[in-house]
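To start, the structure itself, in structure tokens.
The values are calculated or read from the model by the stated rules, or taken from the named source; none is laboratory data. Nothing here was measured: the structure is a model prediction, and the numbers come from that model. So basically every Cβ, Gly included, is an ideal-geometry build from the backbone, and we count neighbours across all protein chains shown. Accessible surface is based on the protein model in full, side chains and every heavy atom, while ligands, DNA and RNA are left aside. Shrake-Rupley method; radii C 1.70, N 1.55, O 1.52, S 1.80 Å.
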Amino acid sequence: MAEALPPPREMQARTAELQRRLKDEGIDLALIADQDSIAYYAGFWGYFGVEFGRPTLLVVPAEGAPPVITPLMEAEMVSAMTWVEDVLPWEDAGSRRWDAVLEEVLTALPGSAVLGLELIKTPPLVMAELDRLPGNLVFRDIGRQIGEQRMIKSPAEIEVMRQAGQIAIAMVEAGKAALAEEVPEY
């Protein structure tokens, strides 16, 4: 059976394509908070996300290597799963909270930087932090660019879809075989 995710070189190529698009559109950096998009570009997913107040963020500059901001308790797992080398762990308390690590990354930008976001998928917790930061960040929606990229499937993605289809068929067949009068649904 093939691996569950495309190989790292494919994810690196996806990220390079996103960087090309950012550069073409005058966007300095993309901040990706959506777990599906993070998995698409960086090849990992976390256990608890922003819905539990624990954001993981992929930062994709128009040029240069992307860092990942993730909870300390997941940093080792993330490092093992992703091709991204710069994993920036944050802590639940103290001076290395996620908002401080994000601010550190963003203060390296020029004063009037253009920040690309999937606006519809950026959680309010993250947006509130971005609004609080000093400087003249200009937000641009990059949901269309990411959507256009994700719409075209690679051979590795198609193989994963085929495997998922086979699993779904096996589950339906097993469910049908278990159906009988007086048999509990579980």
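Taking region 140-154 on its own, how many of its residues are more than 15 Å from the chain's Cα centre (by Cα) and in contact (Cβ under 8 Å) with a residue 24 or more places away in the chain?
Total meeting the criteria: 3.
Name the one entry in Arg150, Arg162 that is open to solvent by 90 Å² or more (accessible area, probe 1.4 Å), of a type in the set (Lys, Arg) and within 26 Å of Gly43 (Cα to Cα).
After applying the criteria, what remains is Arg162.
Have a look at Val105, Val87 and point out the one that is within 17 Å of Pro67 (Cβ to Cβ), β-branched (Val, Ile, Thr), at pLDDT 95 or above and open to solvent by less than 40 Å² (accessible area, probe 1.4 Å).
Just one listed residue meets the conditions, Val87.
With within 22 Å of Ala13 (Cβ to Cβ), touching a residue at least 24 places away in the same chain (Cβ under 8 Å) and in a helix (DSSP H, G or I) as the only criterion, which of Val101, Val78, Val105 stands out?
Of Val101, Val78, Val105, the one residue that is within 22 Å of Ala13 (Cβ to Cβ), touching a residue at least 24 places away in the same chain (Cβ under 8 Å) and in a helix (DSSP H, G or I) is Val78.
Condition (residue is at pLDDT below 95, more than 12 Å from the chain's Cα centre (by Cα) and assigned to a helix (DSSP H, G or I)) applied to region 35-54: is it met by at least one residue?
yes
Filtering region 17-35 down to residues that are in contact (Cβ under 8 Å) with a residue 60 or more places away in the chain and open to solvent by 20 Å² or more (accessible area, probe 1.4 Å), which residue is nearest to Gln145 (Cα to Cα)?
Arg21
Can you tell me which residues in region 132-167 are in a loop (DSSP other than H, G, I, E, B) and either among the hydroxyl-bearing types (Ser, Thr, Tyr) or more than 27 Å from Leu109 (Cα to Cα) (or both)?
Once the filter is applied, which keeps residues that are in a loop (DSSP other than H, G, I, E, B) and either among the hydroxyl-bearing types (Ser, Thr, Tyr) or more than 27 Å from Leu109 (Cα to Cα) (or both), region 132-167 yields Ile152, Lys153, Ser154.
Given the conditions (1) surrounded by fewer than 16 Cβ atoms within 10 Å (Cβ to Cβ); (2) in a helix (DSSP H, G or I); (3) among the acidic types (Asp, Glu), report the number of the one that Asp92 does not fulfil.
(2)
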